[in-house]
Amino acid sequence: MTAPRDVSFTVNGEARSVRVEPRKTLADAIREDCGLTGTHLGCEHGVCGACTILLDGAPVRSCLMFAAQAEGAELRTVEGLADGETLHPLQQAFIDCHALQCGFCTPGFLMLAAGVLEREPDIDEEGLREALASNLCRCTGYLNILDAVKAAAAAMKAGPG
Amino acid sequence: MKPAPFTHHLPGTVDEAASLLAAHAGEDARILAGGQSLVPTMAFRLARPAHLIDVNRVSDLGTVAVGEDAIGIGALARHGDFHRPVEDGPLGALLSAVVRHIGHYPIRMRGTFCGSLAHADPASEWCLVAATLDARLTARSAGGEREIAAGSFFEWAMVTALAEDELLLRADLPRLAADARWGFCEFARRAGDFALAMALAVYRVEEGAIVEPRVGVGGVEACPRRIPEGEAVLAGRAPGPALFREAGAAVADAVDAVSDVHASALYRGELAGVMVERALADAAR
Ligand SMILES: Cc1cc2nc3c(=O)[nH]c(=O)nc-3n(C[C@H](O)[C@H](O)[C@H](O)COP(=O)(O)OP(=O)(O)OC[C@H]3O[C@@H](n4cnc5c(N)ncnc54)[C@H](O)[C@@H]3O)c2cc1C
Ligand code: FES
Ligand code: FES
């Protein structure tokens with residue numbers, strides 16, 4: 001049906017139910033129906049990575065999925081990274097390494113890096129460079145982002161505390 | 001832009017998916033697999049399908065099954081499933097090296113092997129792999145199954161032998177001999193872009209001479225294919241830089257390269273030769 005349909009999933013652990021037209025992308029549903037505008041939209045056709053979120057643990061472009069496909073899925077967005085007032089190691093490392101300027105690309109890079117590091121904690125520098133090449137940043141020149149993710153990877157391995 | 005309205009179907013079985021295709025063939029019904037090619041074209045409104053038959057929840061569409069003679073790649077096998085070798089032999093290593101050239105990490109979490117074949121972009125790495133290794137493709141419609149050889153599957157850029165009411169169920173890639181050598185090389189202007197030219201080479205060496213050479217080229221002509229002129233140069237001769245250059249030159253001469261905004265036919269043809277030479281050198285590493 002082209003008519004709206006109810007879809008339920010969790011976002012950052014919280015159950016959500018939205019009523020969406022089939023053509024509504026997951027990115028638009030997250031922003032408009034869930035009110036979580038931390039997920040950004042740049043190109044809306046899969047090239048920039050600003051809309052990257054975690055779908056059942058895997059980093060994906062939320063502009064290339066329809067919300068109706070997310071029934072039962074566990075979604076994570078940038079709003080779910082911090083633990084209360086404590087920033088996620090990636091967020092802290094982005095600040096420490098000056099890995100953002102305007103910040104438009106940052107939520108996408110954070111979720112990309114979070115997904116890659118959780119799936120492949122032992123990824124080497126070449127692998128990280130290749131993975132980070134997935135997203136576009138017009139400001140930083142990327143090297144500070146790479147430094148931040150390397151620092152966060154070390155911190156995440158060392159564990160909390 | 002936002003995609004135009006469509007009806008979203010979520011079949012649970014292959015039978016249901018095939019009947020939906022049969023029911024809506026002729027009304028621009030499309031399979032929705034990874035969505036990594038279809039959704040961007042819908043966002044641009046280059047495609048406005050009336051029906052999307054979403055196969056992501058079809059329970060009897062497999063992923064990767066390693067058999068004795070072949071690897072069966074079901075329609076729900078995603079690019080990322082090949083990041084780690086799916087088998088210990090050369091084919092597993094080949095696939096895990098080639099997959100890194102497909103788009104980006106998040107694209108590979110969703111995009112499917114069979115979707116790449118059905119989409120048939122001239123510069124698709126999986127299409128080149130299927131053509132070079134002579135994959136056997138299984139199409140499924142409400143009427144039953146039929147097998148299509150990779151050599152006759154790709155008909156033109158973005159055009160395949162699949163009928164409107166058929167879905168690509170599975171691709172079988174023959175496993176390679178344990179001593180098979182393989183090499184891959186592609187040239188793209190930016191990381192993650194579709195390549196301007198790419199080559200895959202596979203051969204074995206017996207008593208110092210190349211046997212069973214396979215040389216495939218993608219991104220150069222409308223469809224990827226094996227280039228017999230290049231293979232003929234290699235057969236029976238000792239591997240080495242001079243021979244690889246000769247084979248590359250034979251390929252550059254043999255291809256009928258396309259011209260577009262990214263590269264002229266002359267440049268692409270020469271690039272194809274260089275990619276072949278480097279893929280052969282990579283195989284000899
Ligand atoms: C930024 C970006 C970069 C990319 N770079 C590359 C690259 O370098 N190399 C590359 O090869 N690809 C690249 N891709 C495309 C990607 O690999 C796609 O995943 C692939 O082309 C299509 O697979 P899919 O599963 O996503 O198919 P979909 O997008 O879901 O479908 C594509 C087409 O195939 C049809 N289809 C899909 N599955 C089947 C089936 N089982 N039976 C019949 N028809 C079917 C659909 O109806 C549709 O017409 C890129 C994509 C993006 C967004
Ligand atoms: S907005 Fe999704 S990739 Fe650019
Ligand atoms: S910080 Fe501005 S685009 Fe990356």
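The values are calculated or read from the model by the stated rules, or taken from the named source; none is laboratory data. Predicted model only: the values in this text are computed from it and were never measured. Here the Cβ is made from the backbone with ideal geometry for all residues, glycine too, and neighbour counts use every protein chain on show. Surface areas here come from the heavy atoms of the whole protein model, side chains and all, with no ligands, DNA or RNA. Shrake-Rupley method; radii C 1.70, N 1.55, O 1.52, S 1.80 Å.
What residue among B:Leu271, B:Leu46, B:Leu38 has the largest mean-square fluctuation in a Gaussian network model of chain B, using Cα springs under 10 Å? Ranking B:Leu271, B:Leu46, B:Leu38 by mean-square fluctuation puts B:Leu46 first.
On the protein assembly as shown, 51 percent of the accessible area sits on carbon and sulfur atoms, based on a 1.4 Å probe.
Placing dummy labels 7 Å off each Cα toward the beta-carbon, the span from A:Cys102 to A:Thr86 is 3.4 nm. For chain A, the longest principal axis of the alpha carbon atoms and the long axis of helix A:106-119 meet at an angle near 80°. Of the GluC sites (Glu not before Pro) found in segment A:56-161, those that fall in a DSSP loop while having at most 16 other beta-carbon atoms within 10 Å are A:Glu71, A:Glu85. Across chain A, the relative contact order, built from alpha-carbon pairs under 8 Å that are at least six residues apart, equals 23 percent. Computed from the C-beta positions of A:Asp147 and B:Ala235, the FRET efficiency with R₀ = 41 Å rounds to 0.25. Based on the alpha-carbon gyration tensor of the protein assembly as shown and its eigenvalue square roots a ≥ b ≥ c, which shape applies: rounded if a/c is under 1.5, prolate if not and a/b is larger than b/c, or oblate? Verdict is oblate for the protein assembly as shown. Computed over every Cα-Cα pair of segment A:5-80 and binned at 10 Å starting from 0, the pair-distance distribution P(r) comes out as 22, 62, 16 percent. For the pair A:Glu118 and B:Ala222, label points projected 7 Å from Cα toward Cβ lie 4.6 nm apart.
Ordering B:Phe153, B:Gly183, B:Ala163 by Cα displacement along the dipole of segment B:120-202 toward the positive end leaves B:Gly183 in first place; charges were set at the Cβ atoms of Lys, Arg (+1) and Asp, Glu (-1). Among the GluC sites (Glu not before Pro) within segment B:69-149, not one is in coil by DSSP while having at most 13 neighbouring Cβ atoms inside 10 Å. One Cα centroid belongs to segment A:1-22, the other to segment B:1-75; the line between them spans 20 Å. Between B:Asp28 and B:Thr63, residue separation times 0.36 nm minus the direct Cα-Cα distance comes to 9.9 nm. When each full DSSP H helix of chain B is screened for a Cα extent of at least 30 Å along its own axis and an average Kyte-Doolittle hydropathy of at least 0.5, none passes. Computing Rg and the Kirkwood Rh from the Cα coordinates of chain A gives a ratio, Rg/Rh, of 0.98.
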